[in-house]
1. Of the residues 295, 89, 134, which exhibits the maximal mean-square fluctuation in a Gaussian network model of the chain defined by a 10 Å Cα contact cut-off?
2. Just order 272-283, 211-222, 159-170 by mean Cβ neighbour count inside 10 Å, highest at the front, would you?
3. What does the C-alpha gyration tensor say about the overall shape of the range 127-256? Classify as rounded when a/c is under 1.5, otherwise prolate if a/b is larger than b/c, or oblate.
4. Give me the dipole magnitude in Debye, nearest 20, for the chain about the Cα centre, with unit charges on the beta carbon: positive for Lys and Arg, negative for Asp and Glu.
5. Between residue 67 and residue 31, what is 0.36 nm times their sequence separation minus the Cα-Cα distance? Round to one decimal in nm.
6. Can you give me the pair-distance distribution of the chain, C-alpha pairs, 10 Å bins, whole percents?
7. Rounded to the nearest Å, what's the spacing between the alpha carbon centres of the range 1-73 and the range 166-241? Just the number, please.
8. So what's the net charge close to residue 312: Lys and Arg +1, Asp and Glu -1, counting the other residues with Cβ under 10 Å from its Cβ?
Amino acid sequence: MQTFRIAVLEGDGIGPEVTREAMRAAEIAVRREPAGAALEWTKFPWGTDYYFEHGRMAPADYLDQLRPFDAILLGAVGHPKVQDHITLNGLLLPIRRKFDQYVCLRPSYLYDGVDSPLRDKAPGSIDILVFRENTEGEYANIGGRLYQQVPEEVAIQTAVFTRRGCERIIRAAFEAAVTRPRKKVSSITKSNAQGYGMVLWDETFSAVAAEFPQISTESLLIDRAVMEFVRRPESFDVVVASNLFGDILTDLGAIVVGSMGLASSGNIDPTRKCPSMFEPVHGSAPDITGKGIANPLAAILSAGMMLEHLGLKTAAAAIHQAVTAGLKRGEPRTPDLGGTATTTEVGAAVCRRLEA
C-alpha cells in the first residue's frame, strides 16, 4: 500500500474550517482504492497568525520544508488587517513559482440541483475548464517604486510573457481538449492594446493550434470574454488565459455556476518534479469566519483534484460522485446555496455518501 505525504496549510479565515472537511472526505475516499492507499498529513501553522507573531507569513526556509511532499493542500490566505500583497507574496505566489506550478486548473460546472443566476441554464450546460498561466504574466511581480510618498511618485509594474511560458500552458489546454467531447479551446487576449506580451501570446496560440487540427478554436479579447461568460457560458469548453485574465474569468465562472463555494482549483507542475498545490478559489472570507457556515465543497472538490493528480483515480471519482449526488438530491447545503446547514453538516453528508 502506497502512502502519500501531504503538506497541509490551513491558513487564514475559513481555511481551517473547510480544510478539515476536505481531509476527512479524502481519508474516506482513499479506502476505495483497489491497491490500497494512505494519506499522511503534516500541518504547518503558516499564514497571518504566523505573520502577526514573526513579521512574515512563513519561515525563511518554508519552500525547502515543502519540497519533499507529494502534494500541498491549502485552505486560504488573507486577513483584513494585512495587505493582500503581503499575504500573497509572502506565501502563496512563491510556492507557485518555486515549484513551477505553471498550470492553474479551475473548472466551472453547473451541477444538477444548483441554480445558476443566469436564466434557463440546464444542469451540465455550463462546463468550462480554465487553464490559467500561473507563474509569469501580469503576476510576475517585476517593477519598483521611485520617489515614494511624494507627488512625483512613480510605480512600474511589468508583465512578463515568455514564449516558453505561453507555449506550455497553451499546449496543456489543447491536450486537455483532446480528451473532452466538444474539443474546443478559447484563447483570452488583449493584443489590441498590449502590443508585445499579448501579441506573443496570440502568435504562440496560433502555432500550437496548428498542431491540433481536430480542435476548434476562438480568440477573444478579455472584455468580450467576460461578456460572453455571462451571455453564452455554455459555448465555452476549454479556456486558456494569462495569469490575470484567468484569475478574473474563473471568479466569474464560479458565480455563473451558482457559488464560489463550489470553485475548486489546482496549481500543478505537470512534470511532477515538485509538489503541486490544491486549494478552493474562494479565499479566506473574513466576513463569515467562525460562523460555521462556509461551504466546504470547494475544498472537498480540490482534495478530489489532488487525489486525481496523485493517481488515485478511484478515490477522486468517489469524491466527485458524492458531491454530485448530494447536490442533485438536495441534501444539506450552506447558505450560499440557499440552505441552512453548517460547514460540518455538509462535510458529514459527503462523508456518509463516501462510506455508503
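Each reported figure results from applying straightforward, stated rules to the coordinates on display, with no laboratory input. Since this is a predicted model, take the numbers as computed values, not measurements. Note that we place each Cβ from the backbone using ideal geometry, even for glycine, and neighbour counts take in every protein chain shown.
1. Taking springs between Cα atoms under 10 Å, the residue moving most is 89.
2. Details: 272-283: 22.3, 211-222: 15.0, 159-170: 19.0.
Listed from highest to lowest mean packing, they are 272-283, 159-170, 211-222.
3. Values: a/c = 2.52, a/b = 1.72, b/c = 1.46.
Prolate shape, in that a/c is at least 1.5 and a/b is the bigger ratio.
4. Working: 38 positive and 43 negative charges, 151 e Å.
Its charge dipole is roughly 720 debye.
5. On the way: separation 36, 0.36 × 36 = 12.96 nm, distance 2.61 nm.
That pair, residue 67 and residue 31, stretches by 10.4 nm at full extension.
6. Values per bin, smallest distances first: 5, 24, 33, 27, 9, 1, 0.
7. Each part reduced to its Cα centre gives a spacing of 33 Å.
8. Values: positive: 32, 313; negative: 33, 308.
Every neighbour counted, the sum reads 0.
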